[in-house]
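Note sheet for the following structure.
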Amino acid sequence: MVKHAVEANFDGLVGPTHNYAGLSWGNVASKSNVNSVANPREAALQGLAKMKQLADRGYVQGVLPPHERPHLPTLRALGFTGNDRQVLEQAASTDPSILAAVSSASAMWTANAATVSPSADTKDHRVHFTPANLSAKFHRSIEHRVTGRALKAIFTDESYFAHHPALPSVSHFGDEGAANHTRLCSRYGEPGVELFVYGQIAFNEQAPAPVKYPARQTLEASRAIARLHGLSDRHAVFAQQNPAAIDAGVFHNDVIAVGNGNCLFYHELAFLEEDRVLAELSDRLTGAALEAVRVSANEVPIEDAVASYLFNSQLLNTPDGMLLAVPGECREVPSVSRYLDQLVKGDGPITSVEVFDVKQSMRNGGGPACLRLRVVLNDEELHAINRGVILTDALYDRLVAWVNAHYRTELDQQDLADPMLLEEVRKALDELTGILGLGSIYDFQL
């Protein structure tokens, strides 16, 4: 029986140590803003403002908490000893690059938090979650344990939700989560087709692969997640990302394609076998015809797509068609701005464009789509989750006050060694878990 369902967006709340360390090789924006002074408070408030705008429009909007940073357990596992202050001092003096890595606020980009399969697609008719191992980057590879705890604290009822551990943290099973995964369907509550996009085949050295930047997602990881989630062949399509796109700075598929409902909005350089991918999606999509909105390189050069994050936008249903929620940078790149004006004048599925200011996140390499994890929930499942994380007017006001009370307005690399920063972060997160009703999810709380 088909059930009514909605697509909820769970945005990552930007953490108090938001800074520009340039940790992500292959992410052009991340590297180009290295060592700039960040404003964590502004970043968090920008993210909350985006959430509030969407909640006010009637979308189900949830909040995922930031992680504890600097992460002292990781520093201790790497041989730094003593009390907290001594551990920070040792790391800062002997290897500041490691301190920067364990201080990253990258968990804010929850598109990388996990891969989620709705109950309409899975064999046991539960919603399945697999936290991403993010093994390609050290600073992100330490996220999945706390991510798993947070997801279990929100989606607790085992009769509705199934949680899997992250895949083995080795390059052969590199997994970047929902940033390389999208779902197409006629209606959210009906069976759909899940598109898994990978950058390389780990066990085949002869297969196509990028040469300049690393491919972070493997076919082996994508297939493993499909198996864990109980997806049949009818519910999964596997597509290789064009290696030329990765070498142009498209480190995740959500930098060059986004899907919603029966619409796939993508650049012509997104997929290595474009015709085959579209044919398989069309064949396996039931209840509606695939609407492929293809953007040519003549319309938007790939360099402009990367600079503007045109495709790292949210594609949302409205009563009058689909809304494309874009970062402000899309209006600063002439080719992209022109394209968007023509897009909404056409007769395609995307009928409106709205600009969101997430500049602090963009400078670190993450747009609106990076900041959210999509979770399709039917009415029973939505009722079963921890409602403390669903954004309401009251929760928004409380979180804004929380950010203003705990976040700094300036942060650079030297500040990461400040023991007071660690104390500020722990105090803030301890209060936040109470606000959201999550219980103890952080290492310092356990």
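Of the GluC sites (Glu not before Pro) found in the stretch 195-283, the ones in coil according to DSSP and having at most 11 other Cβ atoms within 10 Å of their Cβ are Glu205. Which is the longest stretch in the chain that no exposed loop site breaks, taking sites as chymotrypsin sites (Phe, Trp or Tyr not before Pro) with a DSSP loop state and at most 16 other Cβ atoms within 10 Å? With chymotrypsin sites (Phe, Trp or Tyr not before Pro) excluded where exposed in loops, the chain gives 204-446 as its longest stretch.
What is the stretch 202-317 by shape, rounded, prolate or oblate, if you read a ≥ b ≥ c off the alpha carbon gyration tensor as root eigenvalues and call it rounded for a/c under 1.5, prolate for a/b larger than b/c, and oblate otherwise?
Details: a/c = 1.80, a/b = 1.08, b/c = 1.67.
In terms of gyration-tensor shape, oblate.
The distance separating the Cα centre of the stretch 299-328 from that of the stretch 59-98 comes to 35 Å.
Between the helical axis of 419-436 and the longest alpha-carbon principal axis of the chain there is an angle of about 50 degrees.
In degrees from 0 to 90, rounded to the nearest 10, what is the angle of the helix 393-406 Cα long axis to the longest principal axis of the chain? Here the helix axis deviates by roughly 40 degrees. Of the solvent-accessible surface of the chain, computed with a 1.4 Å probe and all protein chains present, 50% belongs to carbon and sulfur.
Here the translational diffusion coefficient of the stretch 307-446 follows from Stokes-Einstein with Rh set to the Kirkwood radius across Cα pairs; for 20 °C and 1.002 mPa s it amounts to 117 µm²/s. Normalising the Debye intensity of the stretch 16-172 to I(0), with uniform scatterers on Cα atoms only, and taking log10 at q = 0.15 Å⁻¹ returns -0.96.
Dipole size of the stretch 287-446 about its Cα centre, with +1 on Lys/Arg Cβ and -1 on Asp/Glu Cβ: approximately 180 debye, rounded to the nearest 20.
Summing Cβ point charges (Lys, Arg +1; Asp, Glu -1) relative to the Cα centre of the chain gives a dipole of roughly 460 debye. Across the chain, the relative contact order, built from alpha-carbon pairs under 8 Å that are at least six residues apart, equals 23 percent. Relative to the longest principal axis of the Cα atoms of the chain, the long axis of helix 334-345 makes an angle of roughly 50 degrees. In this calculation the C-beta distance from Val2 to Asn404 is compared with R0 = 41 Å, giving a FRET efficiency of 0.40.
Across the stretch 90-144, C-alpha contacts under 8 Å between residues 6 or more apart give a mean separation that, scaled by the residue count, equals a relative contact order of 28 percent. Using the Cβ-Cβ distance between Thr392 and Gln206 with R0 set to 45 Å, the FRET efficiency from 1/(1 + (r/R0)^6) comes to roughly 0.25. Peptides 327-335, 370-378 ranked from most to least packed, by the mean per-residue count of other Cβ atoms within 10 Å: 370-378, 327-335.
Leu315 sits among other residues whose Cβ lies under 13 Å from its own Cβ, and their net charge, with Lys and Arg +1 and Asp and Glu -1, is -1.
Bridging of Lys52 to aspartates and glutamates at a Cα separation below 13 Å is possible for Asp11, Asp357, Asp393, Asp397, once same-chain residues fewer than 8 apart are set aside. When only alpha carbons are used to place a centre, the stretch 175-199 and the stretch 236-261 end up 12 Å from one another.
Please work out the average accessible area per residue across the stretch 1-149, using the 1.4 Å probe convention, and give it in Å². Intermediate results must be reported in sequence, preceding the final value.
Details: 5070 Å² over 149 residues.
Spelled out: the 1.4 Å probe surface of the stretch 1-149, per residue, equals 34 Å².
The gain in end-to-end length when the Glu303 to Asp84 segment is fully stretched comes to 74.5 nm, 0.36 nm per residue minus the alpha carbon separation.
If contacts are Cα pairs under 8 angstrom and at least 6 residues apart, what is the relative contact order of the stretch 223-313 in percent?
On the way: 107 pairs, mean separation 31.6, N = 91.
Once normalised by length, the contact order is 35 percent.
Counting only residues at least eight positions apart within a chain, or on another chain, the lysines with an alpha carbon under 19 Å from that of Lys3 are Lys123. The alpha-carbon of Lys212 sits under 14 angstrom from the alpha-carbons of these aspartates and glutamates, leaving out residues fewer than 8 places away in its chain: Asp247.
The values are calculated or read from the model by the stated rules, or taken from the named source; none is laboratory data. Keep in mind that what you see is a predicted model, and the values were worked out from it rather than measured. When we count neighbours, we look across all protein chains shown, and the Cβ atoms used for this are built from the backbone with ideal geometry, even at glycine. Protein only, heavy atoms only, side chains kept; ligands, DNA and RNA dropped before computing areas. Shrake-Rupley method; radii C 1.70, N 1.55, O 1.52, S 1.80 Å.
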